[in-house]
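The values are calculated or read from the model by the stated rules, or taken from the named source; none is laboratory data. Keep in mind it's a predicted model, so treat the numbers as computed, not measured. Here the Cβ is made from the backbone with ideal geometry for all residues, glycine too, and neighbour counts use every protein chain on show.
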Amino acid sequence: MTLPADREPAVAPTSDAKRDSRADENKQSPATATSLAIERTFLAFERTLMAWLRTSLSMISFGFTLAKFFQYLESQRGAPLVGRFGNTWSPTVVGIAMVLVGTGSLIAAVIQHRRRVRALHREGMLPQWNLAYWVAVIVAVLGAFALASLMVDA
């Protein structure tokens, strides 16, 4: 393809010698490339755990708030809430279920993350501090306490 005389190419053509020397400069040793790939994989595992943490925390907090709010409404009314079709609503059960699902999924995510990190250690990753893991463990314990609190009050 030829360019019109008034246009220049966007990228100046390079000679093969220049291209080869640049390629040599950008090459990494296999050990460096492997260690960086392991590090990127570890960071991806951490991002996944943090996503599970956000989702689980949302479910735990919304379920706890829902259950406590409707317990408050029932205590103010002095009678259970009755729906349109005569059914007694049980938002406490829905709240407990949400806290249970949120806490259970976070525990499963922590276990899965721990297994994946152990696999990376077997591949040669050096031990390092994993903040997302410890925050997720603490939130899972708090979720268990929230679940226990709802079960005692129910």
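At a glance:
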item	result
Near pairs, Cβ below 7 angstrom, 6+ apart or cross-chain, from the range 138-154 (small (Gly, Ala, Ser) and loosely packed, with under 13 Cβ neighbours inside 10 Å) to any residue that is part of a helix (DSSP H, G or I) and at pLDDT below 95	Ala154/Thr92; Ala154/Ile96
Tally of residues being surrounded by fewer than 14 Cβ atoms within 10 Å (Cβ to Cβ), basic (Lys, Arg) and over 21 Å from the mean Cα position of the chain (by Cα) across the range 27-69	1
Matching residues in the range 113-130 - criterion: being in a helix (DSSP H, G or I), within 20 Å of Ser56 (Cα to Cα) and in contact (Cβ under 8 Å) with a residue 12 or more places away in the chain	His113, Arg114, Arg116
Subset of the range 120-134 (residues that are of a type in the set (Gly, Ala, Ser) and either touching an Asp or Glu at 6+ places or on another chain (Cβ under 8 Å) or within 16 Å of Arg47 (Cβ to Cβ) (or both))	Ala132
Residue count for the range 91-142, restricted to those that are of a type outside the set (A, V, I, L, M) and more than 30 Å from Tyr72 (Cβ to Cβ)	16
Any hit, the range 76-98, residues being at pLDDT 75 or above, under 24 Å from the mean Cα position of the chain (by Cα), of a type in the set (Gly, Ala, Ser) and in a helix (DSSP H, G or I)	yes
Residue in the range 29-46 that is in contact with a His (Cβ under 7 Å, 6 or more places away or on another chain), on the phi < 0 side of the Ramachandran plot and modelled with pLDDT of 80 or more present	yes
